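Okay, so here's the structure we're looking at.
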Amino acid sequence: MNATRGRVRGALLAAGRGLLLSVASLAGSLTLFVLTVLSIAFILLGIGLVTTPWVLTTVRRHANQRRLLAITWSDVRIPVPYRPLPKDVRGGFTGQVERTTLMLKDPATWRDIQWLMVDMTAGYVVATLAAALMIYPVEGFVLAAGLWRVYTDDRYWYAFVPVDSQASGLAAAALGVALFAAGVLLSERLLRAHFVLARSVLAPTHEQELALRIDRLTETRHEAVDTAASELRRIERDLHDGAQARLVAMGMNLGTIEALIEKDPAQAKKLVAMARASSAEALTELRDLVQGIHPPVLAERGLGDAVRALALRMPIPSEVDVELDGRAEAPVESAAYFAVSEVLTNAAKHSGADRIWVDLNHVDGMLRISVTDNGKGGAATGKGSGLSGIERRLGTFDGIMAVSSPAGGPTMVTMEIPCELS
C-alpha cells in the first residue's frame with residue numbers, strides 16, 4: 001500500500017514538473033530561438049554585435065537551468081561544456097566583436113541552438129505527455145459525474161469515446177482510469193526521457209568532452225598551484241603576526257622573570273601570569289590555524305560529521321542529511337568540506353535566510369552535495385563572487401557546481417565531485 005501511494009505521489013509530482021517544463025519549453029525555448037536567429041542574422045548590420053552576446057548568455061542560462069533541473073529532478077547529469085571567455089576581453093565596440101566571435105566559435109553555442117529547436121518540439125511533447133497522463137483522466141471522471149448532460153445537443157468526444165449518455169460517461173471514466181494507471185507507470189519515465197533527450201543534444205561528443213576536460217584540468221592545475229602558494233603565504237603571515245610574536249614576547253618575559261625572581265618576586269609573579277596568558281593565546285591561534293588548514297573532526301570522523309559540526313556553528317538553523325557509505329580520499333573530503341563551508345558562510349552573510357538544508361550523498365561514483373536556503377536569492381557566479389572560488393576548488397578534482405537562485409529565492413547550490421568511497 002505504501003509503495004503504491006509512493007508511486008502515485010511520484011507520478012503526480014512528475015506531472016506537475018512536466019507541466020512546468022512544457023511551459024518553459026514552448027515559451028522560453030521558442031522565444032530564445034527566435035531572438036537568437038534574429039540576433040545572428042543582424043550581425044552584418046552591426047545590431048547583432050550588441051545583442052548576440054546578451055542573447056547567447058541568456059540561452060546559456062536557460063540551458064544551465066535545465067541542467068540543474070535534470071540532475072535535481074531525474075538524476076540526469078548534463079555536462080557544462082562552455083569555453084571560458086578570456087579575462088582580458090576589451091570593452092567598447094572592439095570588445096563586442098571579440099566576445100561575439102568567441103561565443104560563436106564555441107561548439108557548445110551551436111548545440112544550445114539545436115537544443116532550443118528540439119526542446120520546443122519533441123521536448124515539449126514529452127513533457128506535456130508526462131503531465132497529460134495524470135491530468136486528462138480528471139475530465140473523464142467529471143464526465144461520468146454528469147457533465148455530459150451539458151453536451152446532450154451535441155456529442156462530446158473524450159479521446160476516442162463519444163459521450164452522450166450516462167453509459168458513455170462511465171466509459172469515459174473507465175478510459176480515465178486506464179490513462180491514470182498509465183500515468184502512474186509512465187509519468188516519471190517520461191520526465192526522465194525529457195532530460196535524456198536534452199542531454200543527447202546538449203552534451204558534447206566523447207572527443208570534445210575529453211578535450212574540454214584536458215583544458216579544464218590544465219587550468220585548474222595552475223589555479224591549484226597559485227592557491228597553494230597563496231595559502232602558504234597566509235600561513236606564514238598568520239604565524240609571523242600571531243603565534244610567533246606571542247612566543248617571542250613570552251620568551252622575553254621569561255628572561256625578565258629569571259632576572260627578577262629573587263630581587264622582586266611579586267613582579268616576577270605578574271610576568272609569569274602574563275606569560276601563561278600569552279601561551280594560552282598562542283595555543284588558541286595555532287589551533288585556529290590548524291583548523292583552517294585541515295579540521296581535526298574531518299580527519300577523525302569524516303565529511304558527514306565535519307559538515308554537521310559546521311552546521312552547529314552557523315548562526316542560522318541548519319539541517320544536515322548525510323547518506324554516505326564510506327569515506328572519500330582526504331583531498332576530496334577537504335575540498336568538499338571547504339566548499340560547503342564557503343557556501344554556508346555566503347548564505348549566512350548575504351541570503352537573509354532563516355533556514356538552511358544540506359544534503360550529502362554518493363550515487364554512481366559521484367559525491368553530490370546540495371545546499372539550499374530560503375533566503376532572498378540573487379546569488380550568482382562570476383568575477384568577485386565567492387562562488388567562483390568554489391568552482392575553482394572543485395575543478396581541481398574535475399568537479400562541477402550549479403547555482404539556482406531566482407530573485408526572491410530559494411537558492412540551491414549543487415556540487416558534484418567524481419570519487420569512490422572506501
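Quick notes on this one:
- Pair list, Cβ under 6 Å, 6 or more apart: the stretch 53-64 residue within 14 Å of Thr100 (Cα to Cα), other residue open to solvent by 30 Å² or more (accessible area, probe 1.4 Å) and not acidic (Asp, Glu): Pro53/Arg99; Val55/Leu35
- The residues listed here are Thr51, Thr100, Thr4; of these, the one that is over 26 Å from the mean Cα position of the chain (by Cα), modelled with pLDDT under 90 and open to solvent by 60 Å² or more (accessible area, probe 1.4 Å) is Thr4.
- Residue ID - modelled with the lowest pLDDT, chosen from residues in the stretch 383-405 that are within 18 Å of Leu344 (Cα to Cα) and part of a loop (DSSP other than H, G, I, E, B): Gly384
- Candidate set from the stretch 135-151 (those that are at pLDDT 65 or above and touching a Gly at 6+ places or on another chain (Cβ under 6 Å)); member that is most open to solvent (accessible area, probe 1.4 Å): Phe141
- Ala181 being modelled with pLDDT of 65 or more, touching a Lys or Arg at 6+ places or on another chain (Cβ under 9 Å) and assigned to a helix (DSSP H, G or I): no
The values are calculated or read from the model by the stated rules, or taken from the named source; none is laboratory data. In this text the structure is predicted, and so the values were computed from the model without any measurement. With ideal geometry, Cβ positions are generated from the backbone for all residues, glycine too; neighbour counts draw on all protein chains shown. The area values use the complete protein model at the heavy-atom level, side chains included, leaving out ligands, DNA and RNA. Shrake-Rupley method; radii C 1.70, N 1.55, O 1.52, S 1.80 Å.
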